[in-house]
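The values are calculated or read from the model by the stated rules, or taken from the named source; none is laboratory data. For clarity, every value in this text was computed on a predicted model and none was experimentally measured. Note: ideal-geometry Cβ built from the backbone for every residue, glycine included; neighbour counts use all protein chains shown.
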Amino acid sequence: MGGASSRDQRAETSNRLEDESSNSTSFTDEELTKLQSDYDTGGVEKVKTVVQQKVTELDNTELNVAVTGQSGVGKSSLINAMRGLGLNDEGAAEVGNTETTKKPTRYKHPNLPNVCFWDLPGIGSTDLPANKYLKEMKFTKYDFFIIISACRFTENDTKLAKEIKRLGKNFYFVRSKIDNDLDSNRKGGRQFNEEEELEKIRNDCVSKLQKAGIPSPRAFLISNFDLNLYDFSLLNKALEHDLPNIKKSIYILALPIISLEIVEKKRKELRKRVWMLATLSGGIGAVPVPGVSLGCDIGIVIGGIIHFRQCLGLNDSSLQSLAKRAGKPVEDLKAVVTTPLVGGEITLDVINRLAWGAAAATISVIEITLDIIPVIGSIFGAGSSFLVTYKLLSDALDDLTESAQKVVTAAFGTENDAK
Ligand SMILES: Nc1nc2c(ncn2[C@@H]2O[C@H](COP(=O)(O)OP(=O)(O)OP(=O)(O)O)[C@@H](O)[C@H]2O)c(=O)[nH]1
Ligand SMILES: [Mg+2]
């Protein structure tokens, strides 16, 4: 773990400044204005109530993703890959299973229990028309649909897409097994340009979907064996654009840790929680942290750190799954972790190792946030526990992010960095 001075340097990099000014909070502008007036009329306690509601909303909102497509196209494989699971991991969907169930099957995210992937039998295997199929599959509960095909999108797929749209939901066409397409090109000994070949497959999917009457279709090319390649990152961008605020945050936090790009998205998302938890800390029930002369609510700090660790895939089972998917011994990944916040319980002792930096916290970290969220200035003025919690959680998030970056690099090498 870096010392307090290296952390402070990190905290003050222009990178951070740029970042904070471009990212907002989990609140809309209107909600922030309301928060300010809540403070003016009801003080910190009123603000705390609103912030607590937001944190509860973030923790309890469900995200339900429906994955459908004909038998054998890779539904189970995609559901596993999106949850960061390998074939033999606990909770993994069975792959290559020829027995098709006629009912939606639920697969929970290993670290975020409110995120569920639903494996829906392909419409063709049910003999139902699109509208009846969706009713049967309880379409209202899904936030969006992924329709997978391993070669051509069928008439059933396009009918389904139109019906999904008519019912006011979004769908995304995924063309899986792209690695197979490229391999067969290679095997033929033909000289080919990979990018051009991919563009050809993309255009082919799009023109067929257009012909079938889907307005402005997009097709995302994916290999379930390696989501870092091809269009998984574009699919995420499309989803982040389309999903409403809270669901978008949850989607990002549920992404598998496979690239530095994803680690960075998660860091930005988790930073939004730091000031909220700091606001909730302090006041009645604040427990002084030994070694720190200021009080803060240690339960909030520990809970926050555990949440960061889970979302960044640094808990033990996530590291095991990642190692298996990357084909590396888990010890190799654990060896690059530099923070005591990984690999054991988060105790007072562990917090204390972070805490001496927090005691000496300078105003500078807070000033950065003040520009973005004016109400924070008032809360900060109201008590030092805000400052201690803010600094402890900021430092913890920096340390955990740094370790997650190292773990991803150790797992997949640096070739993914540019993606
Ligand atoms: N090359 C390659 N093979 C894949 C990919 N995705 C899945 N497969 C393979 O395709 C086969 C079927 O994958 P599944 O994930 O079980 O497909 P499914 O759609 O769940 O199949 P059903 O449950 O029978 O409907 C398995 O042998 C997978 O290993 C991929 O992206 N590339
Ligand atoms: Mg399956």
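Out of T339, T369, one residue alone is at pLDDT 80 or above and surrounded by 14 or more Cβ atoms within 10 Å (Cβ to Cβ). It is T339.
Summed over the stretch 57-73, the residues that are in a strand (DSSP E or B) and in contact with a helix residue (DSSP H, G or I) (Cβ under 6 Å, 6 or more places away or on another chain) give a count of 4. Total residues in the stretch 39-84 satisfying the condition of being under 30 Å from D231 (Cβ atoms), away from ligand 2 (no atom under 16 Å from the Cβ) and among the small types (G, A, S): the figure is 1. Of all residues in the stretch 348-355, none are modelled with pLDDT under 95, assigned to a loop (DSSP other than H, G, I, E, B) and β-branched (V, I, T). Which one is nearest to T28 (Cα to Cα) among residues in the stretch 239-259 that are of a type in the set (A, V, I, L, M) and in a helix (DSSP H, G or I)? Across the stretch 239-259, the extreme among qualifying residues is I246. Here is a check on your reading of the model: is T33 more than 12 Å from ligand 1 (Cβ to nearest atom), part of a helix (DSSP H, G or I) and surrounded by fewer than 13 Cβ atoms within 10 Å (Cβ to Cβ)? When the stated conditions are applied, T33 does not pass them. Evaluation of P215 against the conditions (1) farther than 20 Å from G74 by Cα; (2) assigned to a helix (DSSP H, G or I); (3) modelled with pLDDT under 90 shows that the sole unmet condition is (2).
Every residue, every condition in (1) outside any helix (DSSP H, G or I); (2) outside the structural domain of D143 (by TED's automatic domain parsing); (3) touching a Gly at 6+ places or on another chain (Cβ under 8 Å), yes or no:
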{"residue": "G189", "(1), (2), (3)": "yes, no, no"}
{"residue": "E196", "(1), (2), (3)": "no, no, no"}
{"residue": "K200", "(1), (2), (3)": "no, no, no"}
{"residue": "L229", "(1), (2), (3)": "yes, no, no"}
{"residue": "K237", "(1), (2), (3)": "no, no, no"}
{"residue": "E261", "(1), (2), (3)": "no, yes, no"}
{"residue": "K265", "(1), (2), (3)": "no, yes, no"}
{"residue": "R271", "(1), (2), (3)": "no, yes, no"}
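Just to be sure before I move on: is K169 within 24 Å of the chain's Cα centre (by Cα), surrounded by 14 or more Cβ atoms within 10 Å (Cβ to Cβ), touching a residue at least 24 places away in the same chain (Cβ under 8 Å) and farther than 30 Å from A323 by Cα in the structure I sent? Considered against the rule, which asks whether it is within 24 Å of the chain's Cα centre (by Cα), surrounded by 14 or more Cβ atoms within 10 Å (Cβ to Cβ), touching a residue at least 24 places away in the same chain (Cβ under 8 Å) and farther than 30 Å from A323 by Cα, K169 comes out as yes. Among the residues of the stretch 87-134, just one is β-branched (V, I, T) and in contact with an Asp or Glu (Cβ under 6 Å, 6 or more places away or on another chain), namely T105. Restricting the first member to the stretch 404-419 and to residues that are over 16 Å from R325 (Cβ atoms) and not assigned by TED's automatic domain parsing to the domain that holds A323, and the second to residues that are modelled with pLDDT of 90 or more and in a helix (DSSP H, G or I), the beta-carbon pairs closer than 7 Å and six or more apart or on different chains are D417/L260; K419/S233; K419/E261.
From the list V47, V95, which one is without any contact (Cβ under 8 Å) to a residue 40 or more places away in the chain and surrounded by 13 or more Cβ atoms within 10 Å (Cβ to Cβ)? Exactly one of V47, V95 is without any contact (Cβ under 8 Å) to a residue 40 or more places away in the chain and surrounded by 13 or more Cβ atoms within 10 Å (Cβ to Cβ), namely V95.
Within the stretch 85-173, considering only strands (runs of 3 or more DSSP E) that don't extend past its boundaries, which have at least 1 residues that are more than 15 Å from ligand 1 (Cβ to nearest atom) and closer than 27 Å to L209 by Cα?
By residue number, 144-149.
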